[in-house]
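**Q** Here it is: the structure, laid out below.
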């Protein structure tokens with residue numbers, strides 16, 4: 001216990017950030033493989049482009065399920081770290097235990113609700129006569145593993161926030177390896193198609209969930225899930241959900257965005273354009289999840305030292321997070337603009353799909369060059385417990401800007417440019433939201449950190 005506390009509150013910020021962020025980045029990259037690998041193998045089935053479009057139609061529901069895990073996991077983990085910084089481990093364990101039981105309840109409710117309404121939702125989300133079967137087949141099986149998804153994704157942040165980044169990384173690595181091994185076996189060898197892809201995913205999530213619980217109920221964890229704290233208490237859950245509502249909305253509105261995009265793309269580009277969007281959403285995951293991994297590595301350092309009133313260490317950690325995040329997105333933006341076909345070929349090699357997706361990428365990802373700065377600021381707000389500010393910034397990009405632009409831009413351009421206009425909504429909203437978030441953060445930064453509250457960085 002003492003060692004972890006010393007590591008977070010003392011020593012080189014750079015080395016500490018690398019030691020925590022590197023496993024988190026690897027974990028996030030590996031975590032991408034759950035859906036990415038599915039799509040890679042699905043794209044190589046007979047009628048792979050149609051099957052991929054079907055899975056893409058189902059993906060908004062999967063994103064909503066993941067959003068609930070972020071509501072509790074990303075809301076509770078910073079609060080637990082702050083409690084540790086305040087030397088209140090009992091309070092931290094109440095947060096972890098309440099979070100676990102709440103995630104199980106959420107998982108059960110989501111399973112029942114989406115199983116009942118899945119077909120109506122899929123039609124509303126942009127399914128066509130040719131894609132509905134694939135969407136239904138994939139989603140029905142995936143929903144049976146919702147509780148496992150909630151535990152694996154929602155409880156794992158409580159491992160990372162204690163400083164056990166490698167253990168957190170192992171959680172997703174185990175699941176991803178199982179998924180990669182099972183996908184071709186179930187899809188092709190057993191001829192289960194998209195059902196096999198979904199089955200491979202829920203089996204791998206089950207194993208990941210079991211690993212998380214084994215650690216947090218065991219003796220190696222500093223903070224444990226305690227039976228006496230399992231009954232959810234409003235005074236514990238409300239602060240968690242208040243802080244977690246921002247990442248929840250960020251992910252849930254991503255679902256709303258995808259629904260809006262799929263509907264408009266179906267109108268202006270058909271199933272092929274929806275398939276292209278499925279590939280681009282996968283690329284977006286590849287791009288953004290390492291950023292989240294980097295911020296997850298920084299979060300325990302920022303939260304712990306903020307709780308311990310070591311503001312100089314908070315400032316230094318943020319500066320490292322900002323510079324590395326921005327450098328990453330500049331590199332990724334350059335790669336996407338120069339080599340779009342390389343990224344498309346990972347998922348499908350059919351000429352017509354490669355052509356439309358490569359063209360779309362240069363428009364859709366145009367604003368990602370400064371996205372790293374937005375993520376760094378957004379996640380630091382969360383690490384500092386600033387739920388309201390983070391929520392407003394999350395709403396700005398998706399609800400205020402992106403969704404309206406998806407519908408407005410096609411209406412003001414010629415018929416031949418409507419597809420491009422739908423895609424252009426993404427970079428326009430990205431740039432405006434990023435500049436706004438950066439501005440708001442640095443106003444907050446000056447007011448909060450330029451006070452004589454800090455201790456000398458050790």
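The values are calculated or read from the model by the stated rules, or taken from the named source; none is laboratory data. Computed from a predicted model, the values in this text were never measured in an experiment. Heads up, the Cβs are rebuilt from the backbone with ideal geometry, glycines too, and the neighbour counts pull from every protein chain shown.
**Q** Which residues, taken from segment 116-131, are over 22 Å from the mean Cα position of the chain (by Cα) and outside any helix (DSSP H, G or I)?
**A** 126, 127, 128, 129, 130, 131
**Q** For residue 267, are the conditions met, namely being more than 30 Å from residue 388 (Cα to Cα), touching a helix residue (DSSP H, G or I) at 6+ places or on another chain (Cβ under 6 Å) and at pLDDT below 95?
**A** In short, no.
**Q** Out of everything in segment 141-184 that is within 17 Å of the chain's Cα centre (by Cα) and not in a helix (DSSP H, G or I), what residue ends up being surrounded by the most Cβ atoms within 10 Å (Cβ to Cβ)?
**A** Filtering first and then ranking leaves 161.
**Q** Residue under question is residue 424, and the condition is that it be within 29 Å of residue 244 (Cα to Cα), at pLDDT 90 or above, touching a helix residue (DSSP H, G or I) at 6+ places or on another chain (Cβ under 7 Å) and assigned to a helix (DSSP H, G or I); does it hold?
**A** Taking the combined requirement at face value, the residue does not satisfy it.
**Q** While we're on this one: Pick from 272, 322, 326: which is at pLDDT below 90 and in a helix (DSSP H, G or I)?
**A** That would be 272, the only listed residue that is at pLDDT below 90 and in a helix (DSSP H, G or I).
**Q** Let me ask something additional. Looking only at helices (runs of 4 or more DSSP H) that fall completely inside segment 1-115, which ones have 3 or more residues that are modelled with pLDDT under 80 and out of contact with any strand residue (DSSP E or B) (no Cβ under 6 Å at 6 or more places or on another chain)?
**A** In segment 1-115, 2-9, 13-42 are the helices (runs of 4 or more DSSP H) which contain 3 or more residues that are modelled with pLDDT under 80 and out of contact with any strand residue (DSSP E or B) (no Cβ under 6 Å at 6 or more places or on another chain).
**Q** Mind checking whether some residue in segment 441-456 is farther than 16 Å from residue 288 by Cα, touching a residue at least 40 places away in the same chain (Cβ under 8 Å) and crowded, with 20+ Cβ neighbours inside 10 Å?
**A** Yes, that holds for at least one residue.
**Q** Suppose the filter is under 21 Å from the mean Cα position of the chain (by Cα), buried (at least 23 other Cβ atoms within 10 Å of the Cβ) and part of a helix (DSSP H, G or I); does residue 291 pass it?
**A** So residue 291 passes the test.
**Q** Given the criteria farther than 20 Å from residue 332 by Cα and under 19 Å from the mean Cα position of the chain (by Cα), does residue 370 qualify?
**A** no
**Q** Among 100, 68, which is touching a residue at least 12 places away in the same chain (Cβ under 8 Å), under 21 Å from the mean Cα position of the chain (by Cα), within 16 Å of residue 251 (Cβ to Cβ) and surrounded by 24 or more Cβ atoms within 10 Å (Cβ to Cβ)?
**A** On inspection, the qualifying residue turns out to be 68.
**Q** Return the residues of segment 331-349 that are touching a residue at least 24 places away in the same chain (Cβ under 8 Å) and surrounded by 15 or more Cβ atoms within 10 Å (Cβ to Cβ); say none if nothing qualifies.
**A** Of everything in segment 331-349, those that are touching a residue at least 24 places away in the same chain (Cβ under 8 Å) and surrounded by 15 or more Cβ atoms within 10 Å (Cβ to Cβ) turn out to be 332, 333, 336, 343, 344, 346, 347, 348.
**Q** Further question: Could you figure out which of (1) surrounded by fewer than 24 Cβ atoms within 10 Å (Cβ to Cβ); (2) modelled with pLDDT of 90 or more isn't true of residue 364?
**A** Against the list (1) surrounded by fewer than 24 Cβ atoms within 10 Å (Cβ to Cβ); (2) modelled with pLDDT of 90 or more, residue 364 comes up short only on (1).
**Q** Residue pairs, Cβ under 7 Å, 6 or more apart or interchain, first in segment 219-231 and closer than 14 Å to residue 102 by Cα, second modelled with pLDDT of 90 or more and in a loop (DSSP other than H, G, I, E, B). List them.
**A** Between residues of segment 219-231 that are closer than 14 Å to residue 102 by Cα and residues that are modelled with pLDDT of 90 or more and in a loop (DSSP other than H, G, I, E, B), the close pairs are 225/217.
**Q** With respect to residue 243, is the statement that it is touching a helix residue (DSSP H, G or I) at 6+ places or on another chain (Cβ under 9 Å), part of a helix (DSSP H, G or I) and within 30 Å of residue 415 (Cβ to Cβ) true?
**A** In short, no.
**Q** Identify all residues within segment 351-361 that are more than 15 Å from residue 420 (Cβ to Cβ) and either surrounded by 15 or more Cβ atoms within 10 Å (Cβ to Cβ) or at pLDDT 95 or above (or both); write none if there are none.
**A** Listed by number, the residues that qualify are 353, 354.
**Q** Now for a different question. If residue 430 satisfies every condition in (1) surrounded by 22 or more Cβ atoms within 10 Å (Cβ to Cβ); (2) farther than 22 Å from residue 294 by Cβ; (3) at pLDDT 90 or above but one, which is the exception?
**A** Exception for residue 430: condition (2).
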